[in-house]
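Heads up, the thing below is written out as structure tokens.
The values are calculated or read from the model by the stated rules, or taken from the named source; none is laboratory data. Nothing here was measured: the structure is a model prediction, and the numbers come from that model. Backbone-built Cβ (ideal geometry, glycine too); neighbour counts: all protein chains shown. The accessibility values were calculated without ligands, DNA or RNA, using every heavy atom of the protein model including side chains. Shrake-Rupley method; radii C 1.70, N 1.55, O 1.52, S 1.80 Å.
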Amino acid sequence: MPSAPRNGGRHVPIARGGTAMTTPTSPLRKIVHVDMDAFYASVEQRDDPALRDRPVVVAWRGRRSVVCAASYEARRFGIHSAMPAARAERLCPHAVFVPPDFTRYRAVSAEVRGIFARYTDLIEPLSLDEAYLDVTANKRGLATATQVARAIRADIRAETGLNASAGVAPAKYLAKIASDWRKPNGLFVIQPHEVLDFLAPLPVGKLPGVGRATCGALEALGIHTVGDLRQRPLAELAARFGKFGARLHDLARGVDTRSVQPRQLRKSLSAETTFEQDRTLDELAAPLDELAARVWRSLDRSRREPRTVVVKLKTSDFQLLTRSHTPPRPPSSAAEFAALSRGLLARVDLPPTTRYRLVGTGLSNFQVREQAERQPGLFAEAHDAADESDATASGD
Ligand SMILES: [Mg+2]
């Protein structure tokens, strides 16, 4: 492996083609990934002393609901988020089930983001309880990223009573791996010169984008660790995995030039519901209207508006269908959006006897709004920007 150029004695990860990861202008980046510990469950335990030290499962009751979050006490029984609630109940019959309260979780999440903003404006929220922060330059003049991460965790603890774990590293994916390394309530730092050694023994499944299938394919090639992966030439990885092969080649060398993206522009907004009892296609109009109204309520159309309506269906045997439509003119009201969603049901060509366990609707393809069309009244209405996407994100 080519030896890295020395930069003031520090070992610098090598980008593809042998150039150093720093540019003359930009110093090595300092990224912090902050992840609240068992977020939803911790908020519940904080707010109700009777729940402390008990196995708490945040989930709606019901045959088909899934676990949104589990306290550390519940995890000892093998319970984790996204698991069917019924299974969690079997694993720990004395667990306390609490329905999720997203309004409260959002409020705490906003407090935590307020703390982040004291240290940097480069904040990229990933969900209610996770975010990337670029602290290459920090607002508090602290000397190191480690000090920033420590200070942020202390502030979160002092002001919210909750624990956050953090990871510090020169690249986003490394910081995310690091924040998980000493969970719960931990801080782990990967210094630039430690990157290659840290990565070498890591199972390839820890790399972003390497799911079960890719992991299996890599292992079939005899690649089990990142160190193994680093031995493979770019050409081989590209031939086998295409564009992702080049990404794997970079990740094996600590290269991830993605920057922290403050306030991600919304790409889509949706809501879905799983039924207790499967329904026929005709019985989907009413829940679709409700979902459309919920999505529309949380839409901020002040600067950009959605051009495409999407409907998602899951049949009783888990077949997934989506149908989408981009009308000539963007929907201008909840009723119009709902009508467009219902219209998409007509494009479902499965036998009429088919039954559905889930329906969802959403908006995507957001485009900048034409200035001329702005009407003050509408804005006021459209501004309760509660973020619906959290409804599905796990608060673990
Ligand atoms: Mg978390």
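Residue check: Q277 meets all listed conditions (1) in contact (Cβ under 8 Å) with a residue 24 or more places away in the chain; (2) out of contact with any helix residue (DSSP H, G or I) (no Cβ under 7 Å at 6 or more places or on another chain) but one, namely (1).
Inside region 308-335, residues that are more than 24 Å from the chain's Cα centre (by Cα) and either touching a residue at least 60 places away in the same chain (Cβ under 8 Å) or under 17 Å from Q367 (Cβ atoms) (or both) make up a count of 8. With respect to L288, determine if the residue is open to solvent by less than 80 Å² (accessible area, probe 1.4 Å), in contact with a strand residue (DSSP E or B) (Cβ under 7 Å, 6 or more places away or on another chain) and in contact (Cβ under 8 Å) with a residue 12 or more places away in the chain. Considered against the rule, which asks whether it is open to solvent by less than 80 Å² (accessible area, probe 1.4 Å), in contact with a strand residue (DSSP E or B) (Cβ under 7 Å, 6 or more places away or on another chain) and in contact (Cβ under 8 Å) with a residue 12 or more places away in the chain, L288 comes out as yes.
Taking region 348-365 on its own, how many of its residues are of a type in the set (D, E, K, R) and either surrounded by fewer than 16 Cβ atoms within 10 Å (Cβ to Cβ) or touching a Gly at 6+ places or on another chain (Cβ under 9 Å) (or both)?
Of the residues in that region, 2 qualify.
The test for being on the phi < 0 side of the Ramachandran plot, touching a residue at least 12 places away in the same chain (Cβ under 8 Å), touching a Ser or Thr at 6+ places or on another chain (Cβ under 6 Å) and hydroxyl-bearing (S, T, Y) holds for S81. For region 324-347, the set of residues classified as crowded, with 16+ Cβ neighbours inside 10 Å and assigned to a loop (DSSP other than H, G, I, E, B) consists of P330, P331, listed by residue number.
Look through region 87-103, keep the residues that are surrounded by 14 or more Cβ atoms within 10 Å (Cβ to Cβ) and outside any loop (DSSP other than H, G, I, E, B), and return whichever of them is farthest from the ligand (Cβ to nearest atom). By that ranking, first place goes to E89. G222 passes every criterion in (1) away from the ligand (no atom under 16 Å from the Cβ); (2) in a helix (DSSP H, G or I); (3) free of Cβ contacts under 8 Å to residues at least 12 places away in the same chain apart from (2).
Listed here are the residues, each with its yes/no results for (1) modelled with pLDDT of 95 or more; (2) assigned to a helix (DSSP H, G or I); (3) open to solvent by 20 Å² or more (accessible area, probe 1.4 Å); (4) more than 15 Å from the ligand (Cβ to nearest atom).
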site: D35; (1), (2), (3), (4): yes, no, no, no
site: Y40; (1), (2), (3), (4): yes, yes, no, no
site: V43; (1), (2), (3), (4): yes, yes, no, no
site: R46; (1), (2), (3), (4): yes, yes, yes, no
site: W60; (1), (2), (3), (4): no, no, yes, yes
site: R63; (1), (2), (3), (4): no, no, yes, yes
site: E73; (1), (2), (3), (4): yes, yes, yes, yes
site: G78; (1), (2), (3), (4): yes, no, yes, yes
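I'm checking my understanding of the structure. Among residues of region 139-172 that are in contact with a Pro (Cβ under 7 Å, 6 or more places away or on another chain) and within 13 Å of the ligand (Cβ to nearest atom), which one is farthest from G186 (Cα to Cα)? Break it down into steps so the answer makes sense when it comes.
Filtering region 139-172 down to residues in contact with a Pro (Cβ under 7 Å, 6 or more places away or on another chain) leaves 163, 165, 170.
Okay, now just the ones that are also within 13 Å of the ligand (Cβ to nearest atom), so 163, 165.
Numbers: N163: 9, S165: 5 Å.
The extreme case among them is N163.
Summed over region 121-138, the residues that are closer than 16 Å to A154 by Cβ and more than 16 Å from the ligand (Cβ to nearest atom) give a count of 2. Number of residues in region 133-164 that are in contact with a Leu (Cβ under 7 Å, 6 or more places away or on another chain) and of a type outside the set (V, I, T): the value is 6. Of all the residues in region 291-323, those that are surrounded by 15 or more Cβ atoms within 10 Å (Cβ to Cβ) and acidic (D, E) number 2.
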